[in-house]
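Below: the structure, in structure tokens.
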Amino acid sequence: MSTSLYAISNIRIPQEPSFEYLNEKTEALNAFNLGNTYITYRDDNGKLITKTDARSWYHETTNENGFLEIYFNGGSPYDITLMPNLGFISFMLKYRELYGLYKSSHLTKFRKELYQIIKLFGGSEVVFLADNGCDKLSHYLELMAWENIPYQEIKELMIKDLGEPVTDYALLDESKMSYKHITEFVMDDFLDINK
């Protein structure tokens, strides 16, 4: 079982988003050039083939859970879900990788792309969460964010439960990270990018 990385944000969607709004956001995502994912499979001869997933961004809407949800997907490493009280982004990264990003040249690119996405939808910050197998963080994602609990309410509860967030990636110690005993959470307000 792996534990995926998610970010929730203070994104808000219009009460009744128009088709024009959805198309405008989809076109903007396509213009961002957020990179591609890759599809690997075996052909009829058993040869391993890797292709770029070059799908354009598209949107879907649903109201299955009693509130509007808008999904933006494409061939990029990001999937975006907007709800009335927050937005969340899933990544092709595991939660543990967040702790190693500081040492990576990918951190700046990752943060700039993430900020570009949330800014497009009116957001200004994110809190990182994890899904299954991650004691406290999965609770905030699965029982609160996915249920459309307001972003600010989740963030305030996390501060009450876990203390002030870690805002400096350099302070994340991968060797001390344990999914069974998370005692901190990570927030990014992008103030150094938002200038």
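Only the coordinates and a few stated rules stand behind these numbers; no lab work does. In this text the structure is predicted, and so the values were computed from the model without any measurement. Quick reminder, even Gly has a Cβ in these numbers, built from the backbone with ideal geometry, and neighbours come from all protein chains shown.
Rounded to the nearest 0.05, what FRET efficiency do Ile193 and Gln152 give with R0 = 25 Å and r taken as the Cβ-Cβ distance? Could you check?
0.70
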Lys and Arg at +1, Asp and Glu at -1: neighbours of Phe128 with Cβ under 13 Å from its Cβ sum to -1
At the level of C-alpha centres, the distance separating the range 92-138 and the range 152-195, in angstrom, is 11
Looks like the range 94-195, by Cα gyration tensor root eigenvalues a ≥ b ≥ c and the a/c under 1.5 rounded cutoff (else prolate when a/b is bigger than b/c, oblate otherwise), is oblate
Taking max minus min of the Cα coordinates of the chain on each principal axis, largest first, gives extents in Å of 50, 45, 37
Within the under-13-Å Cβ sphere about Asn63, not counting Asn63, Lys/Arg +1 and Asp/Glu -1 give a net charge of -4
Toy charge model, Lys and Arg Cβ at +1, Asp and Glu Cβ at -1: the chain dipole around Cα centroid in debye, rounded to 20, equals 660
Mean separation of Cα contacts under 8 Å (at least 6 apart) over the residue count of the range 130-186, i.e. the relative contact order in percent, is 43
Placing each pseudo-label 7 Å from Cα in the direction of the beta carbon, Asp79 and Phe67 end up separated by a distance in nanometres of 1.9
Extension length gain for Ser18 and Phe32 (0.36 nm per residue less Cα distance), in nm, is 2.9 nm
